[in-house]
């Protein structure tokens, strides 16, 4: 009897501990991640510290807020002063410099891919048979493949970018026939959350 009572008390203690642990863990991990990211970004922005006004240097993390403010200010200047021609002129210079052309062009297209206003943006979230014919992966439809690249077929083929988990900045670019592409009811933000979390974070509207 005493033995059963002891096991019951021990089970209750374990239950209470695990309940507290699993309740607090998401909060603590989230806060820890933000603190780590904040410190990491501040270390990257250390050179900005010397460009700040003196009265800002005593504020912890002022580099990050200074950069954010500078970006907003730059965006405002572009809109008010119509600086797009100057930006395009600088881009033309970059595209004429060997090596810099490839690096800048790659970053430019990658950034544009996540911009909804860009013609290079990921157009649609799809499911495709990858890496085998009997397994499927979430991907992003990017563009139709020109017939000159695939002259051996009259069928339409498309490029699909398949991000990896948990780092979606790397992945696979595949060429796939239109008939094998399955559109799904996910927007890009929902698909990214699903991919980064390894399938744990499901869209709230499907719960």
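Matching residues to (1) farther than 30 Å from residue 26 by Cβ; (2) out of contact with any helix residue (DSSP H, G or I) (no Cβ under 6 Å at 6 or more places or on another chain):
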{"position": "138", "(1), (2)": "no, no"}
{"position": "142", "(1), (2)": "yes, yes"}
{"position": "146", "(1), (2)": "yes, yes"}
{"position": "154", "(1), (2)": "yes, yes"}
{"position": "160", "(1), (2)": "yes, yes"}
{"position": "177", "(1), (2)": "yes, yes"}
{"position": "185", "(1), (2)": "no, yes"}
{"position": "191", "(1), (2)": "no, yes"}
{"position": "203", "(1), (2)": "no, no"}
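Annotation note: Cβ proximity below 8 Å between a residue of segment 59-78 that is on the phi > 0 side of the Ramachandran plot and a residue that is surrounded by 12 or more Cβ atoms within 10 Å (Cβ to Cβ) and modelled with pLDDT of 75 or more (sequence gap 6+ or interchain) occurs for 61/38.
Looking at 40, 24, 18, can you tell me which residue is within 30 Å of residue 188 (Cβ to Cβ) and at pLDDT 70 or above? Just one listed residue meets the conditions, 40. The residues in segment 150-172 that are surrounded by fewer than 11 Cβ atoms within 10 Å (Cβ to Cβ) and modelled with pLDDT of 85 or more can be counted, and the count is 1. A count restricted to segment 99-132 and to residues that are more than 19 Å from residue 183 (Cβ to Cβ) and either in a helix (DSSP H, G or I) or modelled with pLDDT of 80 or more (or both) stands at 15.
The values are calculated or read from the model by the stated rules, or taken from the named source; none is laboratory data. Bear in mind the structure is a predicted one, so any value in this text is a computation, not a measurement. So basically every Cβ, Gly included, is an ideal-geometry build from the backbone, and we count neighbours across all protein chains shown.
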